[in-house]
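The values are calculated or read from the model by the stated rules, or taken from the named source; none is laboratory data. All figures in this text were calculated on a predicted structure; none of them were measured in a lab. Using ideal geometry, Cβ is built from the backbone for each residue, glycine included, and neighbour counts are taken over all protein chains shown.
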Amino acid sequence: MKLADEARAIPLCLALFLSTAGCGTGIVGAPETAPAEPEGDDDVVSATSAEHIPMQATFGAPFPHLNQAALALFDAGVAQFVEVEGPADGLGPVFNDSSCAHCHSVPVTGGGGTTLETRFGAVDAGSFDPLVEFGGSLIQAKGIGQVGSCDYVGETVPPQANVVAQRRTIPLFGLGLVDSVPQSTFQYVARIESILFPSEAGRVPLVYDIASGRNAVGRFGWKDQETTLHQFSGDAYLNEMGVTNPEFPDENCPDGDCALLACNPFPGLNDDGSDVTAFTNFMTLLAPPPRQPLDRVATEGKQLFAATGCSHCHWATFRTGSGDVPALNETTFHPYSDFLLHDMGSLGDGIVQGGAQATEMRTAPLWGVSAMTLFLHDGRATTLPAAILAHDGQARRARDTFASLSSAEQAALVAFLNSL
């Protein structure tokens, strides 16, 4: 099949599958809320409400059309997000930074960043060990200093580790929409991929949801290791800042040495849950990144994006269900991700985490990619073409097809990505 023919065929196939949800067709796994119809050529907003009202916003702004109560929650969340914590607030004793906004700052508060954190572990006879006894698998690179007889310094990778990986700060724009997608939708997407693109199909990870006490679909983090924005927030508060909270009450032992916690200046529960709730509110109400109108070149690039197979994993469109935030109900949005795990071969980070294996990574959303300066999970690529050409594993075919394009065609595809 020629590229142009495939570009037309793939959206048609998706439309046929997606339009069947809930229509009594007998397709196994059809969710109550299916992914929305394929994106129209004239749709250049990141999200649209159930009333077909565009929900376009600037970077770092809340969703448009929020009521005053929701705006107050957003503002309070921003204030907490940018607040600098100290040891008296529970920071540390080891940590990566003292404020969420220090890492999530590109291009504005709530974005991604150039900060790279380090994870490590050991592989022996094919089995991964996170080396918890040495503080693994996440390095907390800073310490609060001298407290009594203890000197808290940043952790280091132990010599027992034979796997070391870096991870880039993830942008937070529009994650409230992702949080509002029913679990069954992700399972349905995986089913469609297994039928249409079996060699490239993603996998739905099931990880432990602390609030419900049972497994749920993972959708946040480089490895889909978190199920909800609230759990994502609590995990980051503990593991990035050292602040314990109700869902994550146990302090990290510096370099695995729990005896050092005897000098911890704030040994009790550091946050009663109110800060984590504020972080969650901020991320929930943070609008997705703005999009740019498509010119002729970017329109050609959009067609090439489908023709090369990029759209097999980077799905354009999802729709939320009905949830706790009425303003986000039944909203169509365009993240350009399937939020599933894919075997990325040599592009995997070697870390086993949550429900993800060593070579598996979550499909990164592409919206807002024009504001990024580093690409891929470890920031190894400084340009979009380099990021595409570094793909491997299940994405190898799309990578090779992109490599076979002319320089003008590659530039057109990149122009489309920069419009997202």
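Which of the residues spanning segment 162-189 are surrounded by fewer than 20 Cβ atoms within 10 Å (Cβ to Cβ) and within 20 Å of Tyr208 (Cα to Cα)?
Pro182, Gln183, Ser184, Gln187
Tell me whether segment 80-91 contains one or more residues that are touching a Gly at 6+ places or on another chain (Cβ under 8 Å), surrounded by fewer than 19 Cβ atoms within 10 Å (Cβ to Cβ) and either under 27 Å from Leu376 (Cβ atoms) or modelled with pLDDT of 95 or more (or both). Steps first, please.
Step one: list which residues in segment 80-91 are touching a Gly at 6+ places or on another chain (Cβ under 8 Å), which gives 81, 90-91.
Cutting the leftovers down to surrounded by fewer than 19 Cβ atoms within 10 Å (Cβ to Cβ) gives us none.
Scanning segment 80-91, I find no residue that is touching a Gly at 6+ places or on another chain (Cβ under 8 Å), surrounded by fewer than 19 Cβ atoms within 10 Å (Cβ to Cβ) and either under 27 Å from Leu376 (Cβ atoms) or modelled with pLDDT of 95 or more (or both), so the answer is no.
Name the single residue that is surrounded by the most Cβ atoms within 10 Å (Cβ to Cβ) among those in segment 126-161 being in a loop (DSSP other than H, G, I, E, B) and of a type in the set (Ser, Thr, Tyr). Before you say what the answer is, go through the steps one by one.
Residues of segment 126-161 in a loop (DSSP other than H, G, I, E, B): 126, 130-131, 135-137, 139-141, 144, 148-149, 153-161.
Checking the rest, the ones that are also of a type in the set (Ser, Thr, Tyr) come to 137, 149, 156.
Numbers: Ser137: 22, Ser149: 8, Thr156: 14.
Checked segment 126-161; the qualifying residue surrounded by the most Cβ atoms within 10 Å (Cβ to Cβ) is Ser137.
Per-residue answers, yes or no, for (1) buried (at least 21 other Cβ atoms within 10 Å of the Cβ); (2) at pLDDT 95 or above; (3) within 30 Å of Ser194 (Cα to Cα):
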site: Leu286; (1), (2), (3): yes, yes, no
site: Pro290; (1), (2), (3): no, yes, no
site: Gly301; (1), (2), (3): yes, yes, yes
site: Trp315; (1), (2), (3): yes, yes, yes
site: Ala327; (1), (2), (3): no, no, no
site: Tyr336; (1), (2), (3): yes, yes, yes
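Looking at segment 45-102 only, could you name the residues that are polar (S, T, N, Q) and either out of contact with any Leu (no Cβ under 9 Å at 6 or more places or on another chain) or not assigned by TED's automatic domain parsing to the domain that holds Pro265 (or both)?
Restricting attention to segment 45-102, the residues satisfying the condition of being polar (S, T, N, Q) are 46, 48-49, 56, 58, 67-68, 80, 96, 98-99.
Listed by number, the residues that qualify are Ser46, Thr48, Ser49, Gln56, Thr58, Asn67, Gln68, Gln80, Ser99.
Can you give me the number of residues within segment 393-420 that are touching a strand residue (DSSP E or B) at 6+ places or on another chain (Cβ under 9 Å) and of a type outside the set (A, V, I, L, M)? Before you say what the answer is, go through the steps one by one.
Filtering segment 393-420 for residues touching a strand residue (DSSP E or B) at 6+ places or on another chain (Cβ under 9 Å) gives 393-395.
Filter again for of a type outside the set (A, V, I, L, M), leaving 393-394.
Selection size over segment 393-420: 2.
Across segment 47-70, what is the total count of residues that are under 24 Å from the mean Cα position of the chain (by Cα) and either under 29 Å from Cys263 (Cβ atoms) or without any contact (Cβ under 8 Å) to a residue 40 or more places away in the chain (or both)?
Matching residues across segment 47-70 total 1.
Looking only at segment 206-249, filter to residues that are in contact (Cβ under 8 Å) with a residue 12 or more places away in the chain and of a type in the set (D, E, K, R); which one of those is surrounded by the most Cβ atoms within 10 Å (Cβ to Cβ)?
Step by step, filter segment 206-249, then rank; the result is Asp224.
Does Thr109 satisfy the condition of being buried (at least 17 other Cβ atoms within 10 Å of the Cβ), in the same structural domain as Ala278 (by TED's automatic domain parsing) and modelled with pLDDT under 95?
Numbers: buried (at least 17 other Cβ atoms within 10 Å of the Cβ): yes; in the same structural domain as Ala278 (by TED's automatic domain parsing): yes; modelled with pLDDT under 95: no.
No; evaluated as a whole, the condition is false for this residue.
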